[in-house]
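The values are calculated or read from the model by the stated rules, or taken from the named source; none is laboratory data. Note that this is a predicted model, so its numbers are computed, not measured. Counting neighbours? That spans all protein chains shown, and the Cβs are built from the backbone with ideal geometry, glycine included. These area figures cover heavy atoms from the full protein model, side chains too; ligands, DNA and RNA do not enter into them. Shrake-Rupley method; radii C 1.70, N 1.55, O 1.52, S 1.80 Å.
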Amino acid sequence: MLRVMQINSGELFGGVSAMVFNFYKNIDRSKIQFDFIAPKKSSYKIHEHEIKQMGGRIIELKTKGNFLKRKLQFFKRLIKLIKTNQYDVVHINSGSIFLNIQVAWIAKYCGVKKIIAHSHNSGNDHYLLALLTKLCKPLLEFGPTDYFACSNRAAQFMFTSKRIKSGKYKVINNGIDIEEFNFSNVTRKKYRSNLSIGGKVALLHVGRFTKAKNHIKLIGIFDEYHKLNPNSLLLLAGEGALKLKIKDEIEKRGLTENVIFLGLRKDVPALMDAADAFVLPSLYEGLPVVGVEAQASGLPCVFSGSITDEVNLLKNRNVFVDLSKNDAEWALQINKLVLQNTHAHRKSASQLVGEKGYSLVDVAKQLEKIYLSSLG
């Protein structure tokens with residue numbers, strides 16, 4: 001039995017956590033098992049029961065205290081964990097180059113055979129972080145045995161220009177369960193009734209309440225859209241540190257009755273069935289899993305221009321709008337897209353998305369072969 005260490009730093013279940021968990025569900029668990037590692041609190045707690053049933057483990061290093069104290073605890077506890085479990089594979093799933101460097105160096109010190117640095121991001125919240133990321137790229141050359149990215153843009157963000165030019169990295173698509181995202185009109189009617197949407201146009205956003213997801217811009221866009229179409233709602237799925245700030249912004253704009261907070265959900269496919277358009281004005285993304293999922297369900301998408309066009313799998317159903325455009329321009333683009341893609345014409349596109357290399361089953365098999373190669 002090959003046991004793989006999967007480590008990421010997110011404490012809230014988001015796109016990366018969902019992707020790793022979905023891979024775990026679809027991999028041959030008679031051959032490979034995952035340990036889900038977190039420096040502090042694990043984002044996988046929401047699926048703890050399922051993970052235990054499937055033979056996986058959630059391990060929290062539970063670091064605490066000031067920065068220096070947390071780092072010393074992290075290094076000490078991670079070294080002990082790797083040596084105790086003798087992992088053959090350590091897979092670092094993070095948008096942070098700093099976590100990739102630290103874990104890769106520790107894994108190399110512990111003699112791990114296969115160390116995977118996996119970039120899931122294409123930007124930083126602050127200029128200083130962006131500068132440090134650029135300066136630290138050469139340090140990531142001394143640890144990993146494999147370099148993965150969810151998109152070419154994510155690779156460019158984290159890896160050296162020399163590695164990019166030589167093509168010495170692998171793009172691992174953010175696979176989805178294409179069957180799960182087959183559009184269902186029955187589910188649509190049920191969820192629209194449960195959420196009291198009725199005949200209103202429902203715009204959907206799925207993502208953690210973080211700066212990168214750009215919820216403030218989203219609320220401004222919806223405010224303008226609601227002026228164009230008062231018979232509309234905004235559905236927000238997710239949790240996060242900025243949630244109260246976003247609630248305040250909604251209240252200030254007098255939109256409280258028109259925005260529904262859905263919390264952390266396990267029924268995202270059904271929410272996509274219920275919606276009429278998906279809006280993602282992120283400041284940056286590696287390659288958004290939710291964008292792939294929305295397209296599979298036949299949902300028209302409006303993406304920010306900062307998101308890689310590698311996510312544009314169904315070009316006739318999506319539009320990209322630059323973040324420099326004002327909220328009114330965004331609202332016009334959404335309105336145009338909604339009118340062009342009425343519910344009457346909506347069809348599943350899951351098979352098309354699968355054919356473009358985003359089938360979770362196929363990507364899981366690809367990862368399975370890579371993991372098992374460490375035994376050869």
* To do: Could you grab me the full set of residues in segment 322-374 that are of a type in the set (S, T, Y) and open to solvent by less than 70 Å² (accessible area, probe 1.4 Å)?
  => T342, S348, S350, Y358, S359, Y371, S373, S374
* Name the residues in segment 73-108 that are surrounded by fewer than 17 Cβ atoms within 10 Å (Cβ to Cβ) and either of a type in the set (S, T, N, Q) or in contact with an Asp or Glu (Cβ under 6 Å, 6 or more places away or on another chain) (or both), would you? -> T84, N85, Q86
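Looking at segment 199-222 only, could you name the residues that are open to solvent by less than 60 Å² (accessible area, probe 1.4 Å), out of contact with any strand residue (DSSP E or B) (no Cβ under 9 Å at 6 or more places or on another chain) and not aliphatic (A, V, I, L, M)?
Keep residues of segment 199-222 that are open to solvent by less than 60 Å² (accessible area, probe 1.4 Å), which gives 201-207, 209-210, 212-215, 217-222.
Add one more test, that the residue is out of contact with any strand residue (DSSP E or B) (no Cβ under 9 Å at 6 or more places or on another chain), and what stays is 210, 212, 220.
Passing the criteria: T210, G220.
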* Tally of residues being surrounded by 13 or more Cβ atoms within 10 Å (Cβ to Cβ) and closer than 21 Å to I334 by Cβ across segment 164-198 -> 6
* Residue that is surrounded by the most Cβ atoms within 10 Å (Cβ to Cβ) [pool: residues in segment 15-72 that are part of a helix (DSSP H, G or I) and aliphatic (A, V, I, L, M)] -> M19
* If you scan segment 133-162, which residues turn out to be crowded, with 17+ Cβ neighbours inside 10 Å and aromatic (F, W, Y)? -> Y147, F148, F157, F159
* To do: List every residue pair whose Cβ atoms sit under 7 Å apart, with the two residues 6 or more apart in sequence or on different chains, where the first one lies in segment 72-101 and is over 17 Å from S9 (Cα atoms) and of a type in the set (D, E, K, R) and the second, anywhere, is open to solvent by 20 Å² or more (accessible area, probe 1.4 Å) and assigned to a helix (DSSP H, G or I).
  => D88/L375
* Structure fact -> Checked segment 79-134 for anything at pLDDT below 90 and small (G, A, S); matches are S94, G95, S96, S122, G123, A130
* Asked: Restricting attention to segment 300-327, which residues are closer than 17 Å to H226 by Cα and either among the aromatic types (F, W, Y) or touching a Phe, Trp or Tyr at 6+ places or on another chain (Cβ under 9 Å) (or both)?
  -> V302, D327
* To do: Take segment 319-344 and flag every residue that is part of a helix (DSSP H, G or I) and among the polar types (S, T, N, Q).
  => Q333, N335, Q340
* Taking segment 276-301, which residues are of a type in the set (G, A, S) and within 14 Å of the chain's Cα centre (by Cα)? -> S282, G286, G291, A294
* Assuming C301 fulfils every condition listed in (1) open to solvent by 10 Å² or more (accessible area, probe 1.4 Å); (2) over 19 Å from A149 (Cα atoms) apart from one, which condition is it? -> (1)
* When residues of segment 223-261 are limited to those that are assigned to a strand (DSSP E or B) and open to solvent by 10 Å² or more (accessible area, probe 1.4 Å), the one farthest from D276 (Cα to Cα) -> F261
* **Matching residues in segment 115-132 - criterion: being surrounded by fewer than 24 Cβ atoms within 10 Å (Cβ to Cβ) and in contact with a strand residue (DSSP E or B) (Cβ under 9 Å, 6 or more places away or on another chain)** => N121
* To do: Inspect all residues belonging to segment 136-156 and state whether any of them is modelled with pLDDT of 95 or more, part of a strand (DSSP E or B), hydrophobic (A, V, I, L, M, F, W, C) and farther than 30 Å from T342 by Cβ.
  => yes
